[in-house]
Amino acid sequence: MPFPRTTRNLAVSALALAGVLTAAIAPAQAATTAATSCEHVCILDARTGGHPDYDRLVLDLTDNVAPPAVQAQVSPDGSYTPGASDETRHLAITGKSYLLLDVYPAEARSSGPNAYTTPTVQPVSLSSLKGVQMTGIYEGHIGFGLSLGDYTRYQVSTLTAPNRIVVDLYH
């Protein structure tokens, strides 16, 4: 038995409305997805570990693009200048010396699925590593300061699968 004309018209209208709503929602979902992904690699967290011959800092990264470059510089007093500021600051955790890292290009978000989840100042009780601090975010540069105990040398590596930056501080 065929549907009455009124029921058929309602069904056609409902299908048309569903198509319009789907077309309107799809761009909004695409915009949300684009907003949650990182243009550059995102730094997700900083974790540390002690080993018999060295202490290690690992910065976990998103896998959406190639890992960033990292420049390291020893600082005798832990002073740094964040971003475009003229103000000199000092790392919050005291050490015998300090290692400053500049990660570029990278992002560190405060919220969302790719947020940086570690406290910005993280005390550590290892032989060579005493603390890790995010020192600033400026135009694709993310700064980190490492407060050091006794160490003989350091090595910075960038690894893939998964993406991460590894800093080894040898006793």
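A few points about this structure:
- Candidates Gly149, Gly136 - the one that is assigned by TED's automatic domain parsing to the domain that holds Leu57, at pLDDT below 95, in contact with a Gly (Cβ under 8 Å, 6 or more places away or on another chain) and surrounded by 15 or more Cβ atoms within 10 Å (Cβ to Cβ): Gly136
- Criterion (closer than 24 Å to Pro52 by Cα and outside any strand (DSSP E or B)) met by exactly one of Thr117, Thr94: Thr94
- Restricting region 97-114 to residues that are in a loop (DSSP other than H, G, I, E, B) and of a type in the set (S, T, N, Q), the residue that is nearest to Gln155 (Cα to Cα): Asn114
- Options His90, His51; residue that is free of Cβ contacts under 8 Å to residues at least 24 places away in the same chain and within 21 Å of Gln155 (Cα to Cα): His51
The values are calculated or read from the model by the stated rules, or taken from the named source; none is laboratory data. Please read all numbers here as calculations on a predicted model, not as lab measurements. Glycine also receives a Cβ, built like all others from the backbone with ideal geometry; neighbour counts cover every protein chain displayed.
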